[in-house]
1. Kindly evaluate Leu327 against the criterion of being of a type outside the set (Gly, Ala, Ser), crowded, with 24+ Cβ neighbours inside 10 Å and modelled with pLDDT under 90.
2. Tell me the residue from Pro25, Pro13 that is surrounded by 15 or more Cβ atoms within 10 Å (Cβ to Cβ) and modelled with pLDDT under 90, please.
3. Going through Val53, Val30, Val42 one at a time, which residue ends up being in contact (Cβ under 8 Å) with a residue 24 or more places away in the chain and either buried (at least 18 other Cβ atoms within 10 Å of the Cβ) or not polar (S, T, N, Q) (or both)?
4. Do we have any residue at all in the stretch 166-180 that's more than 25 Å from Thr71 (Cβ to Cβ), touching a residue at least 24 places away in the same chain (Cβ under 8 Å) and part of a helix (DSSP H, G or I)?
5. Regarding the stretch 64-86, can at least one residue be identified that is among the aromatic types (Phe, Trp, Tyr) and either within 20 Å of Ala178 (Cβ to Cβ) or not in a helix (DSSP H, G or I) (or both)?
Amino acid sequence: MHSNLLLNLLLVPLAGAIVAAFVPPGFARVWALLVSLITLGVALTAAYAFDFVHGGFQFVFNGAGIESLGTFLSFGIDAIALWLVLLTTFLMPLALLSSWDVIRERAKEYYAWMLVLLAAMLGVFIARDILVFYVFFELTLIPMFFIIGIWGGPERRFAAGKFFLFTFTGSVFTLAAAIYLGLKANSFDMGQAIYFAQHHLTATERYWILLGFLAGFAVKVPLFPVHTWLPLAHTEAPTAGSVILAGVLLKLGTYGLLRLAVPIGLLTPLAAGGVAFPEMVRFIAVLCIIGIIYGALVAWVQRDIKKLVAYSSVSHLGFCVLGLVALNPQGIQGSVLYMINHGLSTGALFLVIGMIYDRYHTRDIDQLSGLAKRMPILAFFFVLFALSSIGLPGLNGFVSEFLTIFGAFTSNFLGARYGAFAALGVILGAIYMLHLVARVIWGPLKTPNGHGHQAQHLHEQPGDINAREIAILTPLAVAVVWLGVYPSGLLRSLQGPVADLRAPMVQVER
């Protein structure tokens with residue numbers, strides 16, 4: 001009954017994008033929102049029908065392909081992919097709704113590209129063929145390039161070009177690794193290729209394949225020192241672009257590491273301890289630690305609110321990858337949960353920042369202060385999502401942050417030093433985020449062009465967020481609280497796929 005469910009998950013937004021390109025501009029935004037909600041409905045149908053008890057890959061679809069190369073249009077999802085699909089389809093309608101009063105020029109193109117981007121991101125998460133995975137992985141670059149380059153800020157073309165060149169260059173090495181692995185395994189099926197790599201490739205071959213995958217996925221995450229494209233892309237992108245970039249696109253890198261780099265390059269029953277290259281694990285962990293601390297320190301000194309949150313993503317994604325390379329159940333489950341939580345919290349922060357910018361046309365911290373006096377509802381959401389971002393207990397960020405650090409502490413390959421330095425990033429994160437809240441939300445009222453507490457005609461000044469904007473932020477607030485209070489349901493669903501991922505290690509440990 002559900003054999004074509006994943007195919008429909010792709011076809012709905014793709015067909016919607018074609019229609020959006022030809023409908024009247026005034027109808028394009030309504031049409032795009034409707035299509036994104038239908039796509040969310042398909043994803044929720046998959047979640048409802050998913051068998052969490054038995055796990056494994058479900059709703060498998062096998063289509064046409066090139067038999068001589070061993071590559072086919074193959075789709076399937078496990079619990080990890082399912083949660084990321086739900087995150088993607090949850091954020092896209094909110095991002096589109098945030099664009100309604102902002103995108104006035106070339107609206108048809110904008111909404112068409114957003115729907116193409118939705119389909120491409122979903123394709124990455126559901127692909128079970130390495131070449132199909134790569135095609136969708138690269139396809140995400142095209143719509144985001146145009147979204148930043150056409151509807152972005154003053155330096156949008158430079159930002160779009162830098163984003164494209166960085167991510168495309170790294171992906172070339174990923175393609176080379178994928179082709180080599182597929183040809184050696186005589187199949188591009190993920191399951192078969194991973195098994196072949198773990199049991200039949202030499203250590204040298206696995207090492208170079210690992211480097212190839214790292215080159216593409218580390219740029220997409222991004223890991224230090226290949227992160228420099230991210231702050232500019234975030235700063236220049238329109239609000240919806242920043243939401244999707246932070247919420248989903250960065251997760252394509254961590255998902256690629258989880259699906260391909262870690263099982264193919266690191267985990268193998270032929271190596272002592274079940275890990276092929278312990279020194280590579282520690283090297284990646286060191287890059288994560290540097291990124292965590294560096295990103296936090298640079299965020300602390302930013303004057304642009306959007307750039308501050310962009311650098312915070314460099315820090316946060318360091319935690320995500322650190323938990324992944326801890327290679328224990330706690331770290332990997334924490335890493336997947338971190339992908340979800342970062343997408344919610346940071347995506348929400350970019351939405352709030354966009355709402356401030358729409359009113360005051362500045363993101364300069366020095367020009368904004370005391371917004372709680374004029375915008376109490378927005379201030380509530382801003383403080384909630386800021387506390388979520390720094391990992392306050394009771395909100396979603398705490399559990400994932402705790403698990404990734406705990407995973408580093410208890411890892412056989414890392415240890416207390418890595419966990420302690422990562423914990424320092426938590427302290428720095430609280431400092432820069434609370435500093436932002438104190439400057440922008442509290443204190444004396446100050447806004448650009450003399451819009452302060454002494455300004456005349458206060459009734460003409462921008463007011464609080466409207467019903468549409470409240471409707472955008474409320475689902476995110478509910479998700480932030482729900483995952484903070486009750487993360488165990490999601491974590492239980494991850495036990496099976498994480499155990500399958502770690503199977504080579506478990507074989508050796510036994």
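The values are calculated or read from the model by the stated rules, or taken from the named source; none is laboratory data. Since this is a predicted model, take the numbers as computed values, not measurements. Cβ atoms come from the backbone with ideal geometry, glycine included; neighbour counts cover every protein chain shown.
1. Yes.
2. That would be Pro25, the only listed residue that is surrounded by 15 or more Cβ atoms within 10 Å (Cβ to Cβ) and modelled with pLDDT under 90.
3. It is Val42.
4. yes
5. For the stretch 64-86, residues among the aromatic types (Phe, Trp, Tyr) and either within 20 Å of Ala178 (Cβ to Cβ) or not in a helix (DSSP H, G or I) (or both): present.
Residue-wise test of (1) assigned to a helix (DSSP H, G or I); (2) over 13 Å from Phe385 (Cβ atoms); (3) in contact with a His (Cβ under 9 Å, 6 or more places away or on another chain).
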site	(1), (2), (3)
Val314	yes, yes, yes
Leu324	yes, yes, no
Gly331	yes, yes, no
Val352	yes, no, no
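Okay, residues lined up against (1) more than 23 Å from Pro487 (Cα to Cα); (2) surrounded by 24 or more Cβ atoms within 10 Å (Cβ to Cβ):
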| residue | (1), (2) |
| --- | --- |
| Asp304 | yes, no |
| Lys307 | yes, no |
| Ala310 | yes, yes |
| Tyr357 | yes, no |
| Phe382 | no, yes |
| Gly394 | no, no |
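Yes or no, residue by residue, for (1) closer than 23 Å to Tyr294 by Cα; (2) modelled with pLDDT under 90; (3) of a type in the set (Phe, Trp, Tyr):
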site: Thr228; (1), (2), (3): yes, yes, no
site: Thr239; (1), (2), (3): no, no, no
site: Val248; (1), (2), (3): yes, no, no
site: Leu257; (1), (2), (3): yes, no, no
